[in-house]
Amino acid sequence: MPLVKKYFCRVKEVSHPLPDLYTVTFSSDKKYSYLPGQFLHLAINDYDGVGQWPDSRCFSMQSNPSEEYLKISYTVKGNFTKKLEKELKAGKEVWLKLPYGDVFQRDHLKTDCVFIAGGTGITPFISLFTDCSFEQYVNPVLYFGIRSEKYNIFESELEESMKVNKNFQVKIVDQSVSGNLSIDQIFANFPNSTFFLSGPPMLI
C-alpha cells in the first residue's frame, strides 16, 4: 500500500461539461503514487508544506495510477465545492494529500463483480476500470445511474474500460426515462456476486 504523501500541485486544466459539474486535472513535479479506487484530501488554503494540514475535503481519484496527471470530478453542493468552483482555475497552486482507502485491495472474488454507481460516484470505479489490473476481473458488470443523458460524461473512459476488459458489460440507467436504479432488481439478477456501491447518500 503506498504511503500517504503531500503533493504540491498546479491545476493543469478545468473542464465544465455541465452547470454543476467540474473535472479538474492536477500536475505535480513528483510522481503520484496510489492504487485504483483510492481517494485524496484537497486543500486550497495557504499552506507551507510542513505545518498543520489546512481545511480540506476528500475526493476520489478518477485517473488511474499509470497516468501522468491526476484527475477528479465533483458536483457543486456545499460551501467547499462552491469555493472550488470559484477558485480552481488553470495555474492555481494547491496541496493534495494521498492516498487513502483500500476498497479494491480488500480480499474479494473477482468473478461476476457488480459495480453500482450514481453520478460522480463512478469516479473511483473509473480509476479501476481504466487500469490494467481490471483485466483480472471475470464478467464484471456496471450499473450507472444518471439524471439524464447529458450527465453521461464518462463515455470515453467507459469505452476505454471495455478495451481493457472485453467481457465488461455497461448498463446505463437514465433516471429521467426509467426512474432510479433498482437495487433489489440488480441483486435478484446477481444473487451470488460481490457488489461495489458508490454514489450520493440517497443511493447508498
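Brief remarks follow.
- In the chain, helices alone account for a calculated mean residue ellipticity at 222 nm of -4500 deg cm²/dmol, with every DSSP H run of four or more residues adding -39,500 (n - 2.57).
- Between SER27 and ILE172, full extension at 0.36 nm per residue minus the direct alpha carbon distance yields a gain of 49.1 nm.
- In the context of the full set of protein chains, the stretch 33-80 has a per residue accessible area of 47 Å² (1.4 Å probe).
- Think of a 1.4 Å ball rolled over the protein heavy atoms: the stretch 107-204 then has 53 Å² of accessible area per residue.
- Taken one residue at a time, the phi angles of the stretch 50-60 give Karplus couplings (6.51, -1.76, 1.60, θ = phi - 60°) of 10, x, 5, 4, x, 4, 8, 9, 8, 9, 6 Hz. Gly and Pro are set to x.
- Within the stretch 96-204: Cβ-based charge dipole about Cα centre, in debye rounded to nearest 20 (Lys, Arg +1; Asp, Glu -1): 120 debye
- Accessible-area rank, largest first, for CYS113, CYS132, CYS58: CYS132, CYS58, CYS113, with all protein chains present and a 1.4 angstrom probe.
- Of all accessible heavy-atom area on the stretch 107-204, the percent that carbon and sulfur account for (1.4 Å): 51 percent
- Amide N proximity, the stretch 60-83 versus ASP20 label position 7 Å along Cα-to-Cβ, cut-off under 18 Å: 73-83
- Number of Lys-Lys pairs in the stretch 72-186 with C-alpha atoms under 29 Å apart and a separation of 8 or more places or on different chains: 24.
- Heavy atoms of GLU159 accessible to a 1.4 Å probe, total area in Å² rounded to 10: 110 Å²
- Amide proton proximity set for ARG57, modelled H, under 5 Å, gap of 5+: LEU42
- In degrees, nearest ten, helix 155-164 long axis to first principal axis of the chain (Cα): 70 degrees
- Net charge of neighbours whose Cβ lies under 10 Å from the Cβ of PRO65, counting Lys and Arg as +1 and Asp and Glu as -1: -1
- Rounded to whole numbers, the Karplus 3J(HN,Hα) couplings from phi for the stretch 193-204 are 9, 8, 10, 10, 10, 8, x, x, x, 4, 5, 4 Hz, using 6.51 cos²θ - 1.76 cosθ + 1.60 with θ = phi - 60°, and x at Gly and Pro.
- Sorted from longest to shortest, the spans of the Cα atoms of the stretch 30-96 along the three principal axes equal 30, 30, 21 Å.
- The stretch 17-95 - percent of accessible surface contributed by carbon and sulfur, probe 1.4 Å: 48 percent
- Farthest towards the positive end of the charge dipole of the chain, among the residues PHE8, VAL103, ILE204, is the Cα of PHE8, using unit charges on the Cβ of Lys, Arg, Asp and Glu.
- Just checking the listed ones, GLY118, GLY51, GLY101: in the Gaussian network model of the chain with Cα springs under 10 Å, the one fluctuating most is GLY51.
- Taking Cα centre as origin and charging only the Cβ of basic (Lys, Arg, +1) and acidic (Asp, Glu, -1) residues, the dipole magnitude of the chain rounds to 400 debye.
- Global size of the chain as Cα Rg and Dmax, reported in angstrom: 17.2, 52
- Scalar couplings 3J(HN,Hα) for the stretch 30-41, obtained by applying the Karplus form with A = 6.51, B = -1.76, C = 1.60 to θ = phi - 60°, are 8, 6, 5, 10, 7, 10, x, x, 7, 10, 10, 10 Hz; x denotes Gly and Pro.
The values are calculated or read from the model by the stated rules, or taken from the named source; none is laboratory data. Note that the structure is a prediction, hence the values are computed from the model and not measured. Cβ sites come from the backbone with ideal geometry, for glycine too, and all protein chains shown count toward neighbours. Note: areas computed on protein heavy atoms with side chains; ligands, DNA, RNA excluded. Shrake-Rupley method; radii C 1.70, N 1.55, O 1.52, S 1.80 Å.
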